[in-house]
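These notes concern the structure reproduced below.
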Amino acid sequence: MHYRRFGRTNLQMPVLTCGGMRYQHAWKDCPPAEIPADKQRNLEACIERALALGINHIETARGYGTSEMQLGRILPRLPREKILVQTKVAPTADPQEFRANFEKSLQYLRLDYVDLFSL
């Protein structure tokens, strides 16, 4: 895999990344028990294959339905220092609502931090 420096950071970004928009079971949050096991297995197989190929940037968003929740089932099992996780949260007029949405992302991803954050 080829990597390039990301902007003015020292992050080495693969030229191909793993976008999470289509990983989701549903376009809205749902109870974890409603996510079919085969869809979760498919997501995990995609992530594992991407990592095997050197694609270590995993991107998702609060607006991608269950994507963050489903990624949160595999991310804690991965070596954190070897992956770059990015999520996005839509801006809101209310700072408390924005922060709550961001914290929901971290909760669903089961991470203490994300490497990249987009609005």
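No lab work stands behind these numbers, since they all come straight from the coordinates. These figures come from a predicted structure and were not determined experimentally. Ideal geometry is used to build each Cβ from the backbone, glycine not excepted, and the neighbour counts take in all protein chains shown.
Comparison of GLU68, GLU59 shows that the only residue that is touching a strand residue (DSSP E or B) at 6+ places or on another chain (Cβ under 6 Å), surrounded by 19 or more Cβ atoms within 10 Å (Cβ to Cβ) and under 23 Å from LEU11 (Cα atoms) is GLU59.
Only one of the numbered conditions (1) part of a loop (DSSP other than H, G, I, E, B); (2) in contact (Cβ under 8 Å) with a residue 12 or more places away in the chain; (3) on the phi < 0 side of the Ramachandran plot is violated by ALA93, and that is (2).
State yes or no: is ALA61 among the aliphatic types (A, V, I, L, M) and either free of Cβ contacts under 8 Å to residues at least 12 places away in the same chain or more than 27 Å from HIS2 (Cα to Cα) (or both)?
Values: among the aliphatic types (A, V, I, L, M): yes; either free of Cβ contacts under 8 Å to residues at least 12 places away in the same chain or more than 27 Å from HIS2 (Cα to Cα) (or both): no.
In short, no.
Taking MET13 as the residue in question, decide whether it is surrounded by fewer than 17 Cβ atoms within 10 Å (Cβ to Cβ) and either touching a residue at least 12 places away in the same chain (Cβ under 8 Å) or part of a strand (DSSP E or B) (or both). No.
Filter region 22-57 for residues that are assigned to a loop (DSSP other than H, G, I, E, B) and under 23 Å from LYS82 (Cβ atoms) and give the result. Within region 22-57, TYR23, LEU53, GLY54, ILE55, ASN56 qualify.
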